[in-house]
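Below is one structure; the comments refer to it alone.
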Amino acid sequence: MNFINQVAVITGAASGMGAASAREFRAAGGQVVIVDRNEGLATQVADELNAGPPMIGDVSDSAFCHRVINSALERHGQLDVLVNAAGIIIRADALSTSDEEWQRVMNVNVNGVFYMSRAAVTPMKAQGRGAIVNFGSIWGGVGAAGVVAYCASKGAVHQITRAMALDHVNDGIRINAVCPGEVNTPMLASERPQPPTQEDLQKLAEETIPMARLAEPEEVARVVVFLASAAASYMTGSLVTVDAGYTAR
């Protein structure tokens with residue numbers, strides 16, 4: 001897939017699947033704008049990819065999202081792809097989830113996707129083209145114990161994807177979502193009482209995943225790049241599961 005002369009804005013690009021997506025776009029010839037709230041890691045990825053200074057801030061702030069899109073346009077003169085990879089998780093049931101935790105998950109995972117997508121649609125519509133790829137999750141389509149806020153937030157992302165795809169299908173903008181299963185990223189190990197060992201993660205994979213292994217970030221990132229590419233020209237409003245058969249059961 002070729003992204004020469006194309007520009008991609010990628011949120012959550014300092015680590016995990018966001019960083020892997022940035023590397024895949026860059027390898028395919030595209031220019032990338034790195035967006036994250038972790039300045040140190042974002043700068044490392046931006047320097048690695050010769051991407052220019054990263055945009056540091058919180059996607060739950062709509063004004064910041066508009067600044068990101070405006071900066072991308074000022075730097076490159078166009079916006080071809082938006083990847084909404086920023087996200088957080090709280091591992092708690094409803095009784096153990098505080099108001100602040102619930103609101104924070106919704107602000108980042110739902111509002112961030114909406115604000116970034118809304119900001120991107122204006123220049124994409126003016127260009128008559130564009131692709132947005134949102135990060136949903138298997139937990140947006142099936143339930144899971146102990147992650148109620150995360151499940152709710154990803155279900156909302158799935159519906160934002162579908163609704164906006166229909167809203168902008170005649171504007172030349174395609175909007176899809178990738179829905180990963182268990183991926184070997186910092187988020188998988190985060191927010192647990194004790195950090196899991198590699199043996200713990202392998203046991204989790206063997207007990208719950210048909211392929212008996214975790215995904216690597218690059219395996220999901222390659223699907224992201226496909227959805228943003230001309231190879232997926234007939235796809236919009238799709239939720240593409242990448243879960244080694246987990247939800248096939």
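The values are calculated or read from the model by the stated rules, or taken from the named source; none is laboratory data. Remember, predicted model here, so these are calculated numbers, not experimental data. Here Cβ is always computed from backbone atoms with ideal geometry, including for glycine, and neighbour counts include all displayed protein chains. Just so you know, the surface numbers come from the protein's heavy atoms only, side chains and all, with ligands and any DNA or RNA stripped out. Shrake-Rupley method; radii C 1.70, N 1.55, O 1.52, S 1.80 Å.
Calculate the dipole size of the chain relative to its Cα centre from +1 charges on Lys and Arg beta carbons and -1 charges on Asp and Glu beta carbons; express the result in debye to the nearest 20.
700 debye
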Compute the length gained on full extension between Ala144 and Ala63: take 0.36 nm times their separation in residues and subtract their Cα-Cα distance, giving the result in nm to one decimal. 25.8 nm
Take the chain, connect every pair of alpha-carbon atoms lying under 10 Å apart with a spring to form a Gaussian network, then pick out the residue of Gly12, Gly87, Gly57 with the largest mean-square fluctuation. Gly57
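Taking a cut-off of 21 Å, what percent of all Cα-Cα pairs in segment 7-146 are separated by more than that?
Details: 3980 of 9730 pairs.
So the pairs more than 21 Å apart make up 41 percent of the total in segment 7-146.
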Tabulate in residue order the Karplus-calculated ³J(HN,Hα) for segment 228-235, using 6.51 cos²θ - 1.76 cosθ + 1.60 with θ = phi - 60°, rounded to whole Hz; enter x for Gly and Pro. 7, 8, 5, 5, 9, 4, 9, 10
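Could you work out how much longer the chain between Arg104 and Glu39 gets when fully extended? Use 0.36 nm per residue separation minus the Cα distance between them, nm to one decimal. Could the numbers behind the result be given before it?
Numbers: separation 65, 0.36 × 65 = 23.40 nm, distance 1.96 nm.
Separation in residues times 0.36 nm, less the Cα-Cα distance, equals 21.4 nm.
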Cα-based Rg and Dmax for segment 25-89, where Dmax is the largest Cα-Cα distance (Å): 11.6, 35
Starting at the first residue of segment 69-86, write each ³J(HN,Hα) from the Karplus equation 6.51 cos²θ - 1.76 cosθ + 1.60 with θ = phi - 60°, in whole Hz, x for Gly and Pro. 5, 5, 5, 4, 5, 5, 6, 10, x, 6, 9, 9, 9, 10, 10, 9, 9, 5
Hey, got the dipole for segment 143-223? About the Cα centre, +1 on K and R Cβ, -1 on D and E Cβ, debye to the nearest 20? 260 debye
Using only Cα atoms, find the angle between the long axis of helix 16-27 and the longest principal axis of the chain, and express it within 0 to 90 degrees, rounded to the nearest 10. 30 degrees
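Could you provide, to the nearest whole Å², the per residue accessible area of the chain with probe 1.4 Å? All intermediate terms of the calculation are to be shown ahead of the outcome.
Numbers: 11270 Å² over 249 residues.
Per-residue accessible area for the chain comes out at 45 Å².
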Set the Förster radius R0 to 22 Å, insert the Cβ-Cβ distance between Asn70 and Ile4 as r into 1/(1 + (r/R0)^6), and round the FRET efficiency to 0.05. 0.40
Show me, for segment 167-181, the HN-Hα J-couplings you get by feeding each phi into the Karplus relation (A = 6.51, B = -1.76, C = 1.60, θ = phi - 60°), rounded to Hz, glycine and proline as x. 4, 10, 5, 8, 9, x, 10, 9, 10, 9, 9, 9, 10, x, x
Given the options Ser233, Ser60, Ser117, state which has the largest fluctuation in a GNM of the chain using a 10 Å cut-off (strictly under) for Cα springs. Ser233
Less than 15 Å Cβ to Cβ from Val110, Lys/Arg counted +1 and Asp/Glu -1: what total charge do the surrounding residues give? +1
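Quick check for me: using +1 on Lys/Arg Cβ and -1 on Asp/Glu Cβ, what's the dipole size of segment 23-130 about its Cα centre, in debye to the nearest 20?
Working: 10 positive and 13 negative charges, 97 e Å.
It comes to approximately 460 debye.
What is the sum of charges, Lys and Arg at +1 and Asp and Glu at -1, for the other residues whose Cβ falls under 12 Å from the Cβ of Gln6? Walk me through the numbers on the way to the answer.
On the way: positive: Arg26, Arg129; negative: Asp80.
Surrounding charge for Gln6 is +1.
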Extreme residue, positive dipole direction of the chain, given options Leu95, Ala126, Ala145 (C-beta unit charges): Ala126
Give the separation of the Cα centroids, segment 151-216 to segment 46-98, in Å. 17 Å
P(r) histogram, all alpha-carbon pairs of segment 114-180 included - 5 Å bins from 0, percent: 4, 19, 27, 20, 14, 10, 5, 3, 0
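So what's the net charge close to Pro210: Lys and Arg +1, Asp and Glu -1, counting the other residues with Cβ under 14 Å from its Cβ?
That sum, taken over residues with Cβ under 14 Å, equals -2.
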Option label - Rg and Dmax of the Cα atoms in Å computed here, alternatives (1) 18.5, 64; (2) 17.2, 57; (3) 17.1, 51: (3)
